[in-house]
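The values are calculated or read from the model by the stated rules, or taken from the named source; none is laboratory data. Everything numeric in this text was worked out from a predicted model, so none of it was measured. Methodologically, a virtual Cβ is constructed for each residue, glycine included, from the backbone with ideal geometry; neighbour enumeration extends over all protein chains shown. Calculation scope for accessible area: heavy atoms of the full protein, side chains included, ligands and nucleic acids excluded. Shrake-Rupley method; radii C 1.70, N 1.55, O 1.52, S 1.80 Å.
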Amino acid sequence: MSNENSSKLYRQALQFIPGGVNSPVRAFKGVGGNPLFFKAGEGAYLIDVDDNRYVDYVGAWGPLILGHRHPHVIEALAAQLERGIAYGASTEAEVQIAEKICQLLPSVERVRLVTSGTEATMSAIRLARGYTRRDQIVKFEGCYHGHVDGLLVKAGSGALTLGTPDSLGVPRAYTELTHVLPFNDIEAVHQFFDTRGDEIACVIVEPVAGNMNCVPPVPGFLEALRESCTRHGSVLIFDEVMTGFRVALGGAQAVYGVTPDLTTLGKVIGGGLPVGAFGGRQEIMELIAPSGGVYQAGTLSGSPLAVAAGLAMLELVSEPGFYSKLEARTQTLLHSLGERAAAASVPFTSNCVGGMFGCFFNTEERITRFSQVMAGNLDHFQTFFHTMLDNGVYLAPSAYEAGFISAAHGDREIQLTLDAAEKAFDKIGS
Ligand code: KE4
């Protein structure tokens, strides 16, 4: 595979863009080599600037659950383009998508659209602090909630990939207000809340961690957060930017039957266009300006294009059986990958929830803790990543990201992936 044009563009990009990329995880620092530049997407495939085709398991980091350029989404965007791009004023479609989100997520009684997941989590934290009149917050090690100053503490995703879970430029005064607990550690939650619970404005958690690879909650973990927050008057925020409409129609809160006070969303609800949202209990959300004293605003909030794409996407994912089919396909892929790893005597395990998954080059049967993720064999992962890439499969260029399957990934794409994986496991095992 030639990467000549990608390499040329990367050299050019480095002259104008920090690190040559507009988001750190794209830089391939977690896997070695130079980043690829892409020029098109078609269904389950990405095409790079050297005309190499790849089965795509990044899907723009989750939004493209229908695959690239689904006709229904393209049609909705084209129709909106005939009417305008942005108005800076309210539209009917914003009411429609707000109603749809409230219908699909019963815990969300009011919702505000913003333009990124970071904006959503930043606003939800401010709202929880305004509602409780408390400043201290709790997050979990390895979870990533966007590049919000106070949340860049032991963060996952690109921060973890680059080995900078605690960013420069974040005042100590901010991080002193952020308490970090181990993900899936029920005892640690109880111990912390028994002593500090009444000081805590909110707990923010990825109900399925997708930024330290894919780590589902252990039984009782989310329930412990719910019970602790209720007992101490803290706001429970489920950051469902990634899991929302990815793991189930009702999000992770429907899968695990735990109701948060606030939910943040993004990715799928914008169909691949810039979007975010936060919503939850009416009595909390009413505190958001202009109905209350917690300020939040955005020039392109409720973008007519993002909303058009999001509505089209939500319409299709609402069809009966969409998620069960997606999860069955994910499970087939992972089971078959495990068989090939075993055949090559490569220590391998995986997690999956709905249409998101994680592959780990570990010996443990089940990965439930950040420490286990960090104990993975990075060399094996990097060999796997590059061999898959050389054989036409594009995975997240980091051992700390989840993988995403779409409705466009059919038998042919799964078989191509497994054929590539057989070569990758043989290479690792040799
Ligand atoms: P954005 O600000 O990047 O739209 O969303 C931030 C965010 C918030 N919450 C969760 C659970 C998220 O996963 C994200 C962003 N996800 C990463 C992928 N792991 C975005 C990819 C990137 O940073 O380039």
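Tabulated data for the structure shown
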| read-out | value |
| --- | --- |
| Share, in percent, of DSSP beta bridges within the chain that are antiparallel, nearest 5 | 60 |
| Counting all C-alpha pairs of region 71-317, share separated by more than 31 Å (%) | 20 |
| Equivalent ellipsoid dimensions for the chain as semi-axes, Å, which come from the Cα gyration tensor, largest first | 33, 26, 21 |
| Residue of PRO217, PRO106, PRO320 that the Gaussian network model of the chain assigns the largest fluctuation, springs spanning Cα pairs under 10 Å | PRO320 |
| Sites matching GluC sites (Glu not before Pro) across region 84-122 that sit in DSSP coil, with at most 15 neighbouring C-beta atoms within 10 Å | GLU109 |
| Portion, in percent, of the accessible area of the chain that falls on carbon or sulfur, probe 1.4 Å | 52 |
| Proximal charge balance of PHE425 [Cβ under 12 Å; K/R count +1, D/E count -1] | -1 |
| Pairwise label distance in nanometres, LYS427 with ARG69, each label 7 Å out on the Cα-Cβ vector | 2.9 |
| Within-13-Å neighbourhood charge of THR164 [Cβ basis; K, R +1; D, E -1] | +1 |
| Set of region 290-304 residues, backbone N closer than 14 Å to the point 7 Å along the Cα-Cβ line of TYR87 | 301-304 |
| Taking the chain and dividing mean pair separation by its residue count, relative contact order in percent (alpha carbons under 8 Å, at least six apart) | 22 |
| All aspartates and glutamates inside 15 Å of LYS100 as judged from Cα atoms, apart from same-chain residues fewer than 8 positions distant | GLU92, GLU109, GLU315, GLU319 |
| Accessible surface, per residue, of region 225-298 when the full set of protein chains is kept, probe 1.4 Å, Å² | 30 |
| Region 145-267: C-alpha gyration tensor shape, a/c 1.5 cut-off, then a/b vs b/c | oblate |
| Candidate lysines for bridging to LYS39, where Cα separation is under 24 Å - those fewer than 8 sequence places away on the same chain excluded | LYS8, LYS29, LYS267 |
| Most mobile of VAL180, VAL21, VAL205 in a GNM of the chain (Cα contacts under 10 Å) | VAL21 |
| Computed [θ] at 222 nm, deg cm²/dmol, the chain (DSSP H ≥ 4; -39,500 (n - 2.57); rounded to nearest 500) | -11500 deg cm²/dmol |
| Extension reserve of the SER291-GLU176 stretch, reckoned as 0.36 nm per residue once the Cα distance is removed | 38.4 nm |
| In region 246-353, the GluC sites (Glu not before Pro) that fall in loop regions by DSSP, at most 16 other Cβ within 10 Å | GLU286 |
| Longest to shortest principal axis, alpha-carbon extents of region 60-210, angstrom | 56, 35, 30 |
| Label-point separation, HIS335 to ARG196 (7 Å along Cα→Cβ), nm | 4.4 |
| SER2/VAL218 FRET efficiency (R0 45 Å; Cβ-Cβ; nearest 0.05) | 0.50 |
| Net charge of Cβ neighbours under 13 Å - reference ALA342; Lys, Arg +1; Asp, Glu -1 | -3 |
| Fully extended contour minus Cα-Cα distance, from GLU227 to GLU187, at 0.36 nm per residue | 13.1 nm |
| Choice from GLU82, GLU42, GLU364 showing the highest fluctuation, given a GNM over the chain with Cα pairs closer than 10 Å | GLU82 |
